[in-house]
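Structure first, then comments.
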Amino acid sequence: PCFRDEDARADRSPGEFYQLDIEMSFVNQEDIFDTLERLLSNVFKKFSAKKILNEKFPKISFFESMLKYGTDKPDLRNPLEICDLTKIFKREDVKFEIFNKLVNNGSIVRAIVTKKTNNKPRSFFDNINKWAKEEGSNGLAYFTLEKLNNKIYGKGPIGKFFSTDACDEIMKISNAEIGDSIFFACGQKKEVEKLLSLARDKIAKDLDLIDDKIFAFCWIIDYPMYETDEKSGKIRFSHNPFSMPQGDINNLNLDKPLDIKAYQYDIVCNGIELSSGAIRNHIPDLMYKLFAVAGYDKKSVDEKFSGMINALSYGAPPHGGIAPGIDRIVMLLADEKNI
């Protein structure tokens, strides 16, 4: 049992919850993945009739997940993927001025392709656009790819702003085909990611694309060690400051901290994060260096984390772990929407 002073959410119990806490010595990331995959596969097979989509859980980098799914908790039962079409709106033969201006001022454009939706009524597209506005955005622009007299064009409200060559380029980037529809979102990166993550779920449900009779697990890996604080502009830890950085730990380029990835990982099932974990940093001297990048001097690290620093200073083996939330596992096995 664990106790945390956190707010309650649909997938998080208030105060008290249970986790299966696993710490393993002399292991690397793959050892932990292998152990947990076998454990979770056995548990989910024993207590549910649903199938597991991939016995070997796919590994998706954090950056790939944010690009393809707009979130680091992707539901892989959903086949829809997001692609980046920012460069299309820098072309001379794309005259969609609203997006053109935003892109020139630093915005990005990302899109979702829906397969063979050219037979859908106008109401299907309008309802999705209306939903997007209700979510606080300016909506989702869209058109459907059609072909007439051997020329590709966009059918829909913004189709007229795209040349045949531009449509052809969009098809190459997005793997879209004639008869597919494309929904576009433009804005700042975090806004676009959030909107299209929600839109991906919304559109998949409207098109009945999600198979409720399967569990789709995945690992999200290669989290960045650091990020930039939006308000202060300072470097801070992005996930877990006590994780081991990737690469040669004796020759890390600490002058480029945003390029450093960590041995941190999440296990996700059907869009629910079951746990975060990491290979732990067991080397005090390395810990001091990493904390210095985020603005902590040696004295403050010794004061704030004396228990950990003192214990590790006696020598510790390489180790790592993970602690899946049992409440969330039961929630999935019981086919409930919240804890």
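The values are calculated or read from the model by the stated rules, or taken from the named source; none is laboratory data. Here the structure is a predicted model, which means the values were calculated and not measured. Cβ atoms come from the backbone with ideal geometry, glycine included; neighbour counts cover every protein chain shown. Surface areas here come from the heavy atoms of the whole protein model, side chains and all, with no ligands, DNA or RNA. Shrake-Rupley method; radii C 1.70, N 1.55, O 1.52, S 1.80 Å.
Report, in whole Å, the centroid distance computed from the Cα atoms of the stretch 153-212 and the stretch 122-144. A separation of 11 Å, based on Cα centres. The mean sequence separation of alpha-carbon pairs under 8 Å and at least six residues apart, normalised by the residue count of the chain, gives a relative contact order of 24 percent.
Taking 0.36 nm per residue of separation and subtracting the Cα-Cα distance, what length does fully extending S48 through D21 add? Write out the running numbers ahead of the final one.
On the way: separation 27, 0.36 × 27 = 9.72 nm, distance 2.25 nm.
Full-extension gain reported as 7.5 nm.
Expressed as a whole percent, the accessible surface of the chain that belongs to carbon and sulfur atoms is 49, based on a 1.4 Å probe.
Where Rh denotes the Kirkwood radius from the mean inverse Cα pair distance, what is Rg over Rh for the chain?
Values: Rg = 23.1 Å, Rh = 22.6 Å.
Over the Cα atoms of the chain, Rg/Rh equals 1.02.
Among E230, E81, E97, the largest mean-square fluctuation in a Gaussian network model of the chain, built with springs joining Cα atoms closer than 10 Å, belongs to E230. A dipole drawn for the chain from +1 and -1 charges on Cβ atoms has a positive end, and of A262, S25, N175 the residue lying farthest that way is N175.
Give a quick list of trypsin sites (Lys or Arg not before Pro) in the stretch 256-338 that DSSP marks as loop, anything other than H, G, I, E or B, with at most 15 other Cβ atoms within 10 Å. Walk me through the intermediate numbers first.
Values: sites: K261, R280, K289, K298, K299, K304, R328, K337; in loops: K337.
Answer in residue order: K337.
Beyond 18 Å in Cα-Cα separation lie the following of the pairs K120/K172; K133/K194; K160/K202: K120/K172; K160/K202.
Which trypsin sites (Lys or Arg not before Pro) does the stretch 1-32 hold that lie in a coil by DSSP with at most 16 other beta carbons within 10 Å? Within the stretch 1-32, the qualifying trypsin sites (Lys or Arg not before Pro) (loop, at most 16 other Cβ atoms within 10 Å) are R4.
Here is the size of the stretch 7-60 from its Cα atoms: Rg then Dmax, 14.3, 36 Å.
Short-range pairs are left out: with C-alpha atoms under 8 Å and at least six residues apart, the relative contact order of the stretch 142-230 is 22 percent. Using the rule -39500 (n - 2.57) for each DSSP H run of four or more residues, divided by the residues of the chain, the 222 nm mean residue ellipticity is -10000 deg cm²/dmol.
With bins 10 Å wide beginning at 0, the percent of Cα pairs of the stretch 123-221 falling in each bin runs 13, 38, 35, 12, 1. Placing a label point 7 Å from the Cα of K87 along the Cα-to-Cβ direction, the residues of the stretch 165-208 whose backbone N falls under 15 Å from that point are 166-175.
Using a ≥ b ≥ c from the Cα gyration tensor of the stretch 81-182 (square roots of the eigenvalues), is it rounded, prolate or oblate, where a/c under 1.5 gives rounded and otherwise the larger of a/b and b/c decides, a/b for prolate?
Numbers: a/c = 1.64, a/b = 1.04, b/c = 1.58.
Cα axes put the stretch 81-182 in the oblate bin.
Scan the chain and report its longest stretch carrying no chymotrypsin sites (Phe, Trp or Tyr not before Pro) that are both in a DSSP loop and have at most 13 other Cβ atoms within 10 Å. Here the longest segment lacking exposed loop sites spans 27-313.
A 1.4 Å probe, protein heavy atoms only, puts the accessible area of D21 near 100 Å².
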